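Just so it is clear, none of the values below were taken in a lab; they were calculated from the coordinates. Just so we're clear, the structure is a prediction, and the values are computed from it rather than from any experiment. Cβ coordinates were reconstructed from backbone atoms using ideal geometry, including for glycine residues, and neighbour counts include every protein chain displayed.
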Amino acid sequence: MKKLTLFISLTFISMCIAFAQATDFTTDDCNGVTHNLFDSLNTGNVIVIAWVMPCAPCATDALPAYAAVSSFATSHLGRVHFYMADDYANTTCSSLMSWGTSNNMPNSTFFSSSDVNMNGYGTAGMPKVVVLGGSDHTIFYNQNDSHINFNDVQSAINDALAAPLGINEQQNSPLGLYTFPNPAQNGLLNVSYT
């Protein structure tokens with residue numbers, strides 16, 4: 001019984017991780033353009049957000065994510081976007097934009113708004129990079145500081161580009177989870193779901 005409980009618990013946890021969703025926001029970027037995250041994802045865009053302090057290590061560790069986004073500039077024109085957000089929205093837009101440009105990330109969309117909040121993405125760390133995509137607003141990548149690398153971000157962007165854009169919803173079809181026999185016989189329990 002302990003093994004079954006452990007198996008069901010691990011299955012549930014892995015399902016929750018696999019279906020982790022982005023945190024929506026509507027806010028203006030540093031150029032005064034309004035962005036709604038979910039609207040952008042629903043139209044098939046992939047959004048890569050890098051939260052920075054800004055600081056020198058932030059530039060070093062965010063650059064692979066920026067380079068991965070840039071690698072899609074011609075193959076997926078206008079679909080993969082790099083958002084650079086001040087971690088606690090306490091840096092002016094002009095300082096943040098200047099910092100991004102001087103650290104070779106000029107084609108970013110810059111945000112100094114507390115609405116673009118990293119708290120919905122687990123552990124803070126500078127920088128923090130997430131890759132978001134699909135109409136189900138899935139988090140395809142979530143890493144901090146020196147764990148961010150070009151290949152993993154690029155792979156996550158490819159996965160996000162392949163994510164479904166429509167949600168096919170079936171009405172009146174609840175999930176059914178059944179176990180039998182009850183009680184288990186010879187230590188075996190069958191699990192069936194619809």
Expected vector for region 82-90, Karplus 3J(HN,Hα) from phi with 6.51, -1.76, 1.60 and θ = phi - 60°, integer Hz, x for Gly and Pro, equals 10, 9, 10, 10, 5, 4, 10, 6, 10
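Please give me the summed charge of the neighbours of PRO54: other residues whose Cβ is under 12 Å from its Cβ, Lys and Arg +1, Asp and Glu -1.
Values: positive: none; negative: ASP61, ASP86, ASP87.
Local charge sum for PRO54: -3.
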For 136-147, 67-78, 44-55, ranked highest to lowest by mean beta-carbon neighbours within 10 Å, the order is 44-55, 136-147, 67-78
For ASP28, the residues 5 or more places away or on another chain with a placed amide H closer than 5 Å to its own amide H are HIS35
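Highest mean first, what order results for 32-43, 101-112 on Cβ atoms within 10 Å?
Details: 32-43: 14.3, 101-112: 17.9.
Descending mean neighbour count gives 101-112, 32-43.
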Sorted on mean Cβ neighbours within 10 Å (highest first), peptides 127-135, 56-64 come out as 127-135, 56-64
Which residues qualify? For TYR83, with a placed amide H closer than 5 Å and at least 5 residues away or on another chain, they are VAL48, ILE49, ALA50, THR109
